[in-house]
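So the structure is just underneath, and the comments pick up after that.
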Amino acid sequence: MTGRRTAERLLADAEERLRLTENLPAQLAELRGWAYNGADNVRVTVDVHGALKELKLDESALSLGAEELAAQIVELSHRAQQAALAEGVNVLGDALGDTAAHDMMRLAALPVDPEPEVVPYTPGVDPNATQWNVISPTT
């Protein structure tokens with residue numbers, strides 16, 4: 001096999017991309033990211049653009065004071081938007097492919113998972129053998 005795609009395969013791929021992209025605007029508009037602080041008394045939900053969609057404050061959050069509360073809301077909004085953007089890249093990646101998704105993640109300064117190390121298979125050899133912690137039986 002030469003690895004070249006047939007005209008039929010190219011047409012089927014194009015139709016699949018059209019199907020996947022048809023609802024992209026609506027899917028992206030519905031995406032939300034959320035974050036909460038360590039005390040779980042401030043919760044923020046934003047869309048992919050960072051627009052605040054929901055803010056939940058526990059009464060104990062008011063004891064933080066205005067400046068600290070404002071700082072936490074801004075920080076949490078940023079973290080929530082990063083989560084929404086990452087989810088948006090996943091949605092776009094389904095339609096545009098993995099290479100485009102990785103490029104979008106890099107452009108948005110989102111962390112990209114490193115490629116896992118590929119260990120070649122050798123029959124009868126366990127590549128993790130040096131990591132095993134064998135407990136000897138007690139007699």
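Tally the residues that are of a type in the set (Gly, Ala, Ser), closer than 27 Å to ALA108 by Cα and over 20 Å from the mean Cα position of the chain (by Cα), restricting the search to the stretch 29-62. Selection size over the stretch 29-62: 1.
Of GLU59, GLU54, GLU87, GLU67, which residue is surrounded by 11 or more Cβ atoms within 10 Å (Cβ to Cβ), over 30 Å from ASP13 (Cβ atoms), modelled with pLDDT of 85 or more and out of contact with any helix residue (DSSP H, G or I) (no Cβ under 7 Å at 6 or more places or on another chain)? Give the derivation first.
On the way: GLU59 fails: surrounded by 11 or more Cβ atoms within 10 Å (Cβ to Cβ); GLU87 fails: over 30 Å from ASP13 (Cβ atoms); GLU67 fails: surrounded by 11 or more Cβ atoms within 10 Å (Cβ to Cβ).
Of the residues listed, the single one that is surrounded by 11 or more Cβ atoms within 10 Å (Cβ to Cβ), over 30 Å from ASP13 (Cβ atoms), modelled with pLDDT of 85 or more and out of contact with any helix residue (DSSP H, G or I) (no Cβ under 7 Å at 6 or more places or on another chain) is GLU54.
In this structure, ARG43 does not satisfy being modelled with pLDDT under 95 and basic (Lys, Arg).
Yes/no matrix, rows are residues, columns are (1) surrounded by 11 or more Cβ atoms within 10 Å (Cβ to Cβ); (2) more than 25 Å from ASP103 (Cα to Cα); (3) touching a residue at least 60 places away in the same chain (Cβ under 8 Å); (4) among the charged types (D, E, K, R):
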residue: ARG9; (1), (2), (3), (4): no, yes, no, yes
residue: GLY38; (1), (2), (3), (4): no, yes, no, no
residue: SER77; (1), (2), (3), (4): yes, no, no, no
residue: ALA80; (1), (2), (3), (4): yes, no, no, no
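The values are calculated or read from the model by the stated rules, or taken from the named source; none is laboratory data. As the structure is a prediction and not an experimental result, all values here were calculated from the model. As a convention, Cβ positions derive from the backbone with ideal geometry for all residues, glycine included, and neighbour counts pool all protein chains shown.
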